[in-house]
Amino acid sequence: MARPGPANYTISLSIVLEMHMRLATLHTTNGPRVHGRAGSGYVDLNEADPSLPATLRGLLAAGPAALDRARAVLQVTTVTVQAASAHYAPVIPDAGKIVCIGLNYRDHAIEGGKAIPTEPVLFAKYSNTLIAHGDTIRLPRVSEKVDYEAELVCVIGKRGRDISEADAMSHVAGWTCGHDVSARDWQFRGAERQWTIGKTFDTFAPTGPEMVTIDELPDPHALQVQMRLNGQTMQNSNTREFIFTIQQLIAFVSQVITLEPGDIMFTGTPPGVGGARKPPVWLKPGDVCEVEIEKIGVLRNQVAAAE
């Protein structure tokens with residue numbers, strides 16, 4: 001495998017700064033490792049250049065110079081894994097925080113008969129929920145009303161607290177596809193209606209397959225977002241329906257939470273969820289869910305009964 005030396009970087013860096021980048025975490029014999037997309041396949045960035053961190057979270061924490069070096073690697077290094085044979089991990093399997101926004105599409109709030117929120121509605125998921133493109137969503141034995149939610153996921157790239165709206169996008173590393181799987185009978189049980197418990201069953205946060213860097217997609221507010229269930233389109237809207245922009249969400253959340261590189265934020269789902277349909281449509285074993293977000297990709301997962 002070709003390894004770029006210092007001379008290669010001197011030549012390449014002047015041209016790669018404008019090169020867009022897609023990053024993925026793939027399972028390897030050495031554990032989950034960050035790879036960059038190069039044509040029909042992927043390059044293990046740390047293997048090509050040991051000065052680069054081996055994880056995507058580590059790469060983001062290392063800052064812009066490390067990302068520029070990764071771009072240079074992708075210019076001159078031979079592909080090591082073909083995309084067709086890639087074994088994906090969650091985009092950031094060790095995400096420090098999984099922040100989630102509810103009711104952030106105007107048309108989804110209307111669908112559910114909810115008032116338009118006056119400030120972002122927050123809940124959380126935990127690391128047990130994270131699975132990858134191609135992994136299996138497991139239906140809990142204790143739930144009979146598991147629903148789908150296609151979502152744009154924002155990946156944080158720079159640490160910050162009390163971030164202004166004007167500065168918010170400088171804290172974003174990129175975007176990926178997410179699926180906020182939700183057990184409605186737990187989310188809305190009793191008078192308390194505790195959202196978090198209905199959202200945090202194992203396997204309830206598929207993400208991936210790739211993170212698209214913000215230089216490739218600087219404005220996320222005009223993207224078509226779709227959910228297909230067994231090939232049938234169930235959700236089909238656009239992020240222009242956001243009630244709160246990415247900038248507003250980051251500014252709001254960072255008043256309370258210090259955001260760190262590798263944190264991820266689910267930004268809300270469009271209308272068409274199964275629980276709002278008549279009759280309702282709940283996920284069942286054998287279903288195939290596909291989240292497709294314009295310019296980002298397709299996240300595909302099959303559904304199975306609990307093991």
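A short reminder: the numbers here are calculations on the coordinates, not readings from a lab. Note that the coordinates shown come from a computational prediction; the quantities given were computed from them, not determined experimentally. A quick note on method: Cβ atoms are made from the backbone with ideal geometry, for glycine too, and the neighbour counts reach across all protein chains shown.
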For the range 56-214, what log10 I(q)/I(0) values come out of the Debye formula at q = 0.10, 0.12, 0.20 1/Å, with one point per alpha carbon and no solvent?
-0.45, -0.64, -1.40
Students often get this wrong: which residues of the range 53-82 have the backbone nitrogen under 19 Å from the point 7 angstrom along Cα-to-C-beta of Val298?
82
In vacuo Debye scattering of the range 169-307, one point per C-alpha: log10 I(q)/I(0) at q = 0.12, 0.21 Å⁻¹?
-0.54, -1.52
Residues whose modelled amide H sits under 5 Å from the amide H of Gln235, counting only those 5 or more places away in sequence or on another chain, are Met227
Hull-based mean projected area of the chain, where the convex hull spans the alpha carbons, in square nanometres
15.7
Quick note on Thr203, Thr25, Thr196, ordering by fewest other C-beta atoms within 10 Å, gives Thr196, Thr203, Thr25
Only Cα pairs under 8 Å and at least 6 apart count here; give the relative contact order of the range 92-235 as a rounded whole percent.
25
Residues of the range 193-207 with backbone N under 18 Å of the label point set 7 Å from the Cα of Ser127 along Cα→Cβ are 200-207
Spin-label point model (7 Å from Cα, Cβ direction): what's the Ile116 to Glu307 distance in nm?
4.6
A correct Karplus calculation of ³J(HN,Hα) over the range 259-274, with 6.51 cos²θ - 1.76 cosθ + 1.60, θ = phi - 60°, whole Hz and x for Gly and Pro, returns 7, 10, x, x, 5, 10, 10, 6, 9, x, 10, x, x, x, 5, x
Tell me the Kirkwood radius of the range 170-226: reciprocal of the mean inverse pair distance over distinct alpha-carbon atoms, in Å.
13.6
Residue-normalised 222 nm signal for the chain, counting each DSSP H run of n ≥ 4 as -39,500 (n - 2.57), nearest 500 deg cm²/dmol, is -4500 deg cm²/dmol
What is the ratio of the Cα radius of gyration of the range 151-198 to 2.2 N^0.38 Å, where N is its residue count, to two decimals?
1.64
Once amide H atoms are placed 1.01 Å from N in the peptide plane, what residues at a sequence separation of 5 or more from Asp263, or on another chain, have their amide H within under 5 Å of its amide H?
Gly96, Lys97, Ile156
